[in-house]
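The structure under discussion appears below in the form of structure tokens.
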Amino acid sequence: MWAFKWLCILLVLFVTFISGFYPFAKKIKNKTGLEFPIGDSIAAGVFLGAALMHMLSDASQDFFNLHYNYPFAALLAGGSFLFLLLLEHIGREIYHTRGAQSAPFAVLAVIILSIHSFLAGAALGLTTTLSLSLIILFAILAHKWAASFSLAVQINRSNLSMKTGVILFLVFAAMVPLGIIAGTSVAEYFKAYPLIEPIFNALAAGTFLYLGTLHGLEKATLITQCCNLRRFLFVIFGFVLMAVVAIWT
């Protein structure tokens, strides 16, 4: 399984750097992102389905098997969801008070997207079935290329130096690979610490719920595209896809 996970790491890094290179090379400051509505819609449905039918359910079952009757999985998932929402609200407040050129806004964007990326990578690393891994990989890549481009634009728009901007982008780029390595290591080498895996799964479930619903706030897929029936059907398709995969996993 490590060979496949290393392939995933290489694919994620390739997409991240290809998407982020152009804004740095051309110092693009005005564009806000790339559009791929169908991919975004399917990814939103996949994130929702993976969170509810795979990660959260697996974490709940693991906590129950370890004789924890309190709903720790839901608590951790809800906590990570609300924490990411809080960070995004703080970022929106900085945007309105200091403007898009402020360094704190760019740094906070890196922090938010790095947390998303690490936990998404951990979810992929924890997955042991090929079919589920491929679908989660698709969702991560569909989200990653637009996020990488948008973050590179935001960094170049800010008053950060080029050196600082490049360092921040490299930190962001490393998060999914680090998450994949951490998740795979937990699944294979930390069996003596059975609480680690359900904790990772629960936190990742909250992240996936957030990515599938409110990430981007008013620009979120389910908010901007729910009235577009064709695009919303792709959200449903992604969710159904995860429901079908759940039959065998």
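Here are some notes:
- Restricting attention to the stretch 130-179 and to residues that are hydroxyl-bearing (S, T, Y), crowded, with 18+ Cβ neighbours inside 10 Å and more than 12 Å from the chain's Cα centre (by Cα), the residue that is nearest to H116 (Cα to Cα) turns out to be S150.
- The stretch 189-215, subset assigned to a helix (DSSP H, G or I) and free of Cβ contacts under 8 Å to residues at least 60 places away in the same chain, residue surrounded by the most Cβ atoms within 10 Å (Cβ to Cβ): I196
- Residues that are of a type in the set (A, V, I, L, M, F, W, C) and out of contact with any His (no Cβ under 9 Å at 6 or more places or on another chain), drawn from the stretch 69-84: F72, A73, A74, L75, L76, A77, F81, L82, F83
- Within the stretch 68-95, being more than 29 Å from A106 (Cβ to Cβ) and either of a type in the set (V, I, T) or modelled with pLDDT under 90 (or both) holds for one residue alone: N69.
- Any hit, the stretch 65-82, residues being more than 23 Å from the chain's Cα centre (by Cα), part of a helix (DSSP H, G or I) and not small (G, A, S): yes
The values are calculated or read from the model by the stated rules, or taken from the named source; none is laboratory data. Here the structure is a predicted model, which is why all the values come from computation and not from measurement. As a convention, Cβ positions derive from the backbone with ideal geometry for all residues, glycine included, and neighbour counts pool all protein chains shown.
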